[in-house]
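The next block holds one structure in the form of structure tokens; read it before the comments.
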Amino acid sequence: MVSELDQLESEGLSLLEQAGDVDSLEQWRIEFLGSKGRLKAALGKIKEVPGDQRKAYGQRSNEVKKSLEGAFKARQAGNGAAPAGASKGPMLDVTQPGVAQPLGKAHILTRVRAELCEVFARMGFEVAQGPELEDDEHNFVKLNVPDSHPAREPIDNFYIDEPGDPSRPRMLRTQTSTVQIRVLEQAIAEGWGPPLKIIAPGRVYRPDTVDATHSFMFHQLEGLYVAERVTMVELKTTLFQFARMYFGPDAEVRLRPSFFPFTEPSAELDMKIRLRPDKPAEWIELGGSGMVDPSVLEAVGLDPEKWTGFAFGFGIERIAMGRYGIPDIRMLFENDVRFLEQL
Ligand code: DAH
């Protein structure tokens, strides 16, 4: 029985030497070293070997295993003697495609947020932050949204506490305008402003039904400038400047009169955007803006006779969709790699 192992070894080695190319080398590997190969079969036969020969058979089969595997590795690495007639040198298939190393990158929304902060930083805005879990005082009351306002209905908000509790009910913020109040309160308490000029990017939550343009969570970019004698001209200049810096010099933008409780006068910023190649460009609303309402300044203890300001709030998804021609907001949250790879 041991002689069968000798036979397997010498046959294996000689056939290996004859294997002239990558394919026949692979065939040899399957025949001898494969999981259904001859070596495996020979090792399995130990059960049939009579007891007195078993030790010798075991030892020899180990040697043969090492010998065949070693010879194969050497051939594979190109150290073995090349067979007569075959090309000399390593068995390297230079036509084999390389192994791609996929590189990760930041999500498109993360990059757009960073780009927006960068554009506004060049206009002197500092980045501020506020909590996503808010109270209705910052989300509504101090932003001049009265108790009776329909926007405060439980059906339109993710309240954590019972709305109408004597203590301030908490909620997931529906808008980053909360950060206007937070920053003003903090600046006044710490004595570093106003004047101040901030932007605040962040998540907001609304119980909306998800469709191509709505999501229960999305991102806004809030802007606030408070100083003395700020005029609407500065607001318009800032917003138009932003649009041209971010979308290019040909960006078509317009301000359209609107209403928000925390600004007076208020305007919406529209931009002409082509979301689908098969459709003409249309006016898309990027967000709201306006001159800070005196009652907001009063709510944080500023004298509206002295202080003035403008504010704006954009949807970051809207901007990303416009900039990169993304027709459906859900694409931004599904994280389908085939979509993300294109951006
Ligand atoms: N917070 C508003 C919204 O979510 C957007 C907005 C409008 C923000 C006007 C502002 C502003 O700062 O001045 O619809």
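Brief remarks on what is shown
- Odd one out for Pro102, checked against (1) part of a loop (DSSP other than H, G, I, E, B); (2) under 24 Å from the mean Cα position of the chain (by Cα); (3) in contact (Cβ under 8 Å) with a residue 60 or more places away in the chain: (3)
- Subset of the stretch 202-216 that is surrounded by 15 or more Cβ atoms within 10 Å (Cβ to Cβ) and either free of Cβ contacts under 8 Å to residues at least 24 places away in the same chain or within 13 Å of the ligand (Cβ to nearest atom) (or both) - its residue that is farthest from the chain's Cα centre (by Cα): Arg206
- Test for Glu132: is it charged (D, E, K, R), modelled with pLDDT of 95 or more and either more than 14 Å from the ligand (Cβ to nearest atom) or surrounded by 14 or more Cβ atoms within 10 Å (Cβ to Cβ) (or both): yes
- Residue match in the stretch 191-200 (condition: of a type in the set (Phe, Trp, Tyr), away from the ligand (no atom under 16 Å from the Cβ) and assigned to a loop (DSSP other than H, G, I, E, B)): yes
- Between Glu298, Glu234, Glu252, Glu268, the distinction of being more than 28 Å from the chain's Cα centre (by Cα), of a type outside the set (Ser, Thr, Tyr) and closer than 16 Å to Ile316 by Cα belongs to Glu268 only.
- From Val145, Val226, residue being more than 21 Å from Gly315 (Cα to Cα) and within 16 Å of the ligand (Cβ to nearest atom): Val226
- Of all residues making up the stretch 285-295, the number that are within 37 Å of the chain's Cα centre (by Cα) and farther than 19 Å from Thr237 by Cα: 1
- The set of residues in the stretch 15-30 being among the charged types (D, E, K, R), assigned to a helix (DSSP H, G or I) and surrounded by fewer than 16 Cβ atoms within 10 Å (Cβ to Cβ) consists of Asp23, Glu26.
- Evaluation of Ser258 against (1) within 12 Å of the ligand (Cβ to nearest atom); (2) touching a residue at least 40 places away in the same chain (Cβ under 8 Å); (3) closer than 14 Å to Ser289 by Cα (one fails), failing number: (2)
- Residues considered: Asp278, Asp303. Of these, the only one that is under 31 Å from the mean Cα position of the chain (by Cα), farther than 22 Å from His219 by Cα and either crowded, with 21+ Cβ neighbours inside 10 Å or more than 16 Å from the ligand (Cβ to nearest atom) (or both) is Asp278.
- Within the stretch 150-183, considering residues that are hydrophobic (A, V, I, L, M, F, W, C) and closer than 17 Å to Phe260 by Cβ, the one farthest from the ligand (Cβ to nearest atom): Ile181
- Figure legend. Inter-residue proximity from the stretch 175-186: first residues farther than 12 Å from Gly223 by Cα and outside the structural domain of Ile198 (by TED's automatic domain parsing), second residues of a type in the set (A, V, I, L, M, F, W, C) and near the ligand (Cβ under 9 Å from one of its atoms), beta-carbon distance below 6 Å, spacing 6+ or different chains. No pairs are indicated.
- Matching residues, the stretch 31-78, being surrounded by 12 or more Cβ atoms within 10 Å (Cβ to Cβ) and not in a helix (DSSP H, G or I): Gly34, Gly37, Val49, Gly78
The values are calculated or read from the model by the stated rules, or taken from the named source; none is laboratory data. None of the values given here were measured: they were computed from a predicted structure. Neighbour counts run over all protein chains shown; Cβ positions are idealised from the backbone, glycine included.
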